[in-house]
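Q: Can you keep this structure in mind? I'll have questions shortly.
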Amino acid sequence: MPQFNLMSQFLKDFSFESPNVPELFFKQENGQAKMEINIDIQIKGTENNLYMVDLIVKLHSKLEQDDKSIFMIETTYSGLVQVEKTDKEEELKRTLLIDIPALLFPSVRALVVRTTAESGFPPFAMQPVDFQKLYEEKNKK
C-alpha cells in the first residue's frame, strides 16, 4: 500500500429535505420507516500525485406503508490526498477507494446524526461501511 497524506477533508455539498413536515409530526400512527442508502466514491487526479476523493452518500427515509418521504440527505464529503508515487495501479486504486473513504466516513456519519436530530427526527447513525467489500463488489461487474 502506498503511503499517503490526507492533507484536508471538507464538506463539499450538502442537501437535506423533509417534504412532508409538519404533517408527519402531527400524525400519531405513521408506521415503520425504511431507509435507502447509496454510497459512491469518485476520484479526480491532479498534478504532484494529488487526488480529490469524494465520498457521496444519499439517504432516503420513507414510510413503509405509503412510501411517503420522511427525509432525504445527499452529501459529498471530500478529502484532498497526496499519495506517494507508485507503479502499482491496483494498490493506488485500493488506497483511494478503500482507505481514504474509511477515513472520511466518520465525519459523514456524525453530520447525518446531527442533522437528523436537529431536524426533529430520531438521530440516525449509519452503520460502519465495509469499503473493501464495496470495492470488491464493484470490481466483479
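Q: Taking the range 57-85 as the search range and keeping residues that are part of a strand (DSSP E or B) and free of Cβ contacts under 8 Å to residues at least 40 places away in the same chain, which one is nearest to Thr46 (Cα to Cα)?
A: Checked the range 57-85; the qualifying residue nearest to Thr46 (Cα to Cα) is Lys58.
Q: Take the range 12-45 and flag every residue that is within 20 Å of Gln127 (Cα to Cα), not in a loop (DSSP other than H, G, I, E, B) and not acidic (Asp, Glu).
A: Passing the criteria: Phe14, Phe16, Ala33, Lys34, Met35, Ile37, Asn38, Ile39, Ile41.
Q: Can you tell me how many residues in the range 78-114 are hydroxyl-bearing (Ser, Thr, Tyr) and over 14 Å from the mean Cα position of the chain (by Cα)?
A: 2
Q: Can you list residue pairs whose Cβ atoms sit under 7 Å apart, with the first residue in the range 12-33 being at pLDDT below 80 and surrounded by fewer than 14 Cβ atoms within 10 Å (Cβ to Cβ) and the second being part of a strand (DSSP E or B) and not aromatic (Phe, Trp, Tyr)? Count only pairs 6 or more apart in sequence or on different chains.
A: Note: pairs meeting the criteria are Gly31/Leu63.
Q: So which residues in the range 113-141 are of a type in the set (S, T, N, Q), without any contact (Cβ under 8 Å) to a residue 24 or more places away in the chain and surrounded by 12 or more Cβ atoms within 10 Å (Cβ to Cβ), if there are any at all?
A: None - no residue of the range 113-141 is of a type in the set (S, T, N, Q), without any contact (Cβ under 8 Å) to a residue 24 or more places away in the chain and surrounded by 12 or more Cβ atoms within 10 Å (Cβ to Cβ), so the list stays empty.
Q: List the number of the failed condition for Ala110; all other conditions in (1) surrounded by 13 or more Cβ atoms within 10 Å (Cβ to Cβ); (2) under 15 Å from Phe16 (Cβ atoms) hold.
A: Ala110 satisfies all of (1) surrounded by 13 or more Cβ atoms within 10 Å (Cβ to Cβ); (2) under 15 Å from Phe16 (Cβ atoms) except (1).
Q: Give me a count of the residues in the range 46-56 that are in a loop (DSSP other than H, G, I, E, B) and crowded, with 16+ Cβ neighbours inside 10 Å.
A: 1
The values are calculated or read from the model by the stated rules, or taken from the named source; none is laboratory data. Since the model is a prediction, treat every value here as computed from it, not as a measurement. Glycine also receives a Cβ, built like all others from the backbone with ideal geometry; neighbour counts cover every protein chain displayed.
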